[in-house]
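Remarks on the structure that follows.
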C-alpha cells in the first residue's frame, strides 16, 4: 500500500515539474510552441485511452500510474535538454 501511495505522489511531483517546464517554454514564445502544445494534447488523449484500456483489461491502478510515470519522466528528460 505504501509503495502505491509513494508511486502516485512521485507521479504528482514529476507531472508538476513537466507542467512548469512547459509553461515556461510556452511563455518564452519560442519557435517550437505549437509543436509542444500539440504534443501535450495528443499525449493526454493517448494516456487517457491507454489508462482506460489497461484498467478495463484488469490491470491495477498502480500499473497505470507506473506506466504514466515513464511517459512523464521521458518528458522531463526531453524538456531538460
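No value in this document is a laboratory result; all are computed from the given coordinates. Quick caveat: nothing in here was measured; it's all calculated off a predicted structure. Neighbour counts run over all protein chains shown; Cβ positions are idealised from the backbone, glycine included.
Summary of values
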| item | result |
| --- | --- |
| Residues that are over 17 Å from residue 20 (Cβ atoms) and free of Cβ contacts under 8 Å to residues at least 12 places away in the same chain, drawn from the stretch 61-81 | 63, 70 |
| Count - residues of the stretch 6-25 that are under 17 Å from residue 77 (Cα atoms) and free of Cβ contacts under 8 Å to residues at least 24 places away in the same chain | 7 |
